[in-house]
Amino acid sequence: MIIVLLGPPGTGKGTQATAIKERYGIPHVSTGDILRANLAQGTPLGLEAKAYMEKGELVPDALILDLVADRLTLPDCQKGVLLDGFPRTLAQAEAFDRALVAQKKAIDHVLFLSVPEDALTRRLAGRRVCRGCAATYHVDFNPPPASLVCPGCQGEIYQRADDSQEAIRNRLKVYNDLTDPLIGYYREKAYLREVDGSESPARVAEAIARSLS
Ligand code: ADP
Ligand code: ZN
């Protein structure tokens, strides 16, 4: 089972991924999470990605394609994968399709989560994330404990550098320019399933379950 989660930053892809991966027993592969882990560990990939990420720019396709190819060869991906944050450009989508064809595999579903832009900005600006387990909180909708210690893993809860107002504006523009065209690309291939992401996380999860069954 290969599922691609598509949608602008702030639509709740990470939140929904948890429920989907449990339902299908497939790993959640988030290119953003992998890059942030590399950044935290100061690996060469992390150092190269840092400046792009902090400004809300995309990391070059070649780096991402290597990263994803490596991740997908690990044993846990053999029964499938839930991709979150990849593909993000037409070039990535085409390269991924070629790689799948070569392995006689195909995407099963592309889930497009849509949320109006003003709501996205509000969600992103208030978002806080755990460094340990990537759990997300929101200052208004799901406030983190005052200690900023994650109840799940004791990790530190922080605000991502790219959740600043300026980086948010840039990420939404980059999404509209480079990632939004993937909707047409996947609609043509008939993989696309669109779900309204503006309801509560539980309601969105129900809508996703309906659309995948
Ligand atoms: P978002 O909340 O914007 O969806 P992610 O956590 O998926 O954020 O990604 C954070 C950053 O990591 C992006 O702004 C970009 O710099 C980089 N990144 C993640 N995935 C990709 C990708 N597939 N291609 C290029 N850059 C990526
Ligand atoms: Zn945690």
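Every number in this text was worked out from the coordinates using simple rules, so none of it is lab data. From a predicted model like this one, the values you see are computed outputs, not experimental measurements. Note that we place each Cβ from the backbone using ideal geometry, even for glycine, and neighbour counts take in every protein chain shown.
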Radius ratio Rg over Rh of the stretch 54-213, counting only Cα atoms, Kirkwood formula for Rh: 0.97
Farthest positive-ward along the stretch 1-131 dipole, Cα basis, beta-carbon charges - from Val115, Leu83, Ala99: Val115
Projected label distance in nm at Asp76 and Val101, using a 7 Å step from Cα toward the beta-carbon: 3.1
Rg/Rh ratio calculated on Cα atoms of the stretch 32-86 (Kirkwood radius): 0.98
As computed over the stretch 99-191, the Cα convex hull volume per residue (Å³): 150
Size of charge dipole - the chain - debye, nearest 20, with Cβ of Lys, Arg +1 and Asp, Glu -1, no other charges: 340
Stokes-Einstein D (µm²/s) once Rh is taken as the Kirkwood radius of the stretch 1-106 over alpha-carbon pairs, at 37 °C in 0.692 mPa s: 228
Within the stretch 140-213, chymotrypsin sites (Phe, Trp or Tyr not before Pro) in DSSP loop having at most 13 other beta-carbon neighbours inside 10 Å: Phe141
Orphan Cys of the chain, criterion: no other Cys C-beta under 4.7 Å: Cys77
Cα gyration tensor category, rounded, prolate or oblate, for the stretch 101-147 with a/c compared to 1.5: oblate
Spatially close lysines, pair count over the chain: Cα under 16 Å, gap of eight or more or interchain: 6
Span from the the stretch 189-208 Cα centroid across to the the stretch 160-188 one, whole angstrom: 18
Where labels lie 7 Å past Cα in the beta-carbon direction, separation of Met1 and Ala161 in nm: 3.6
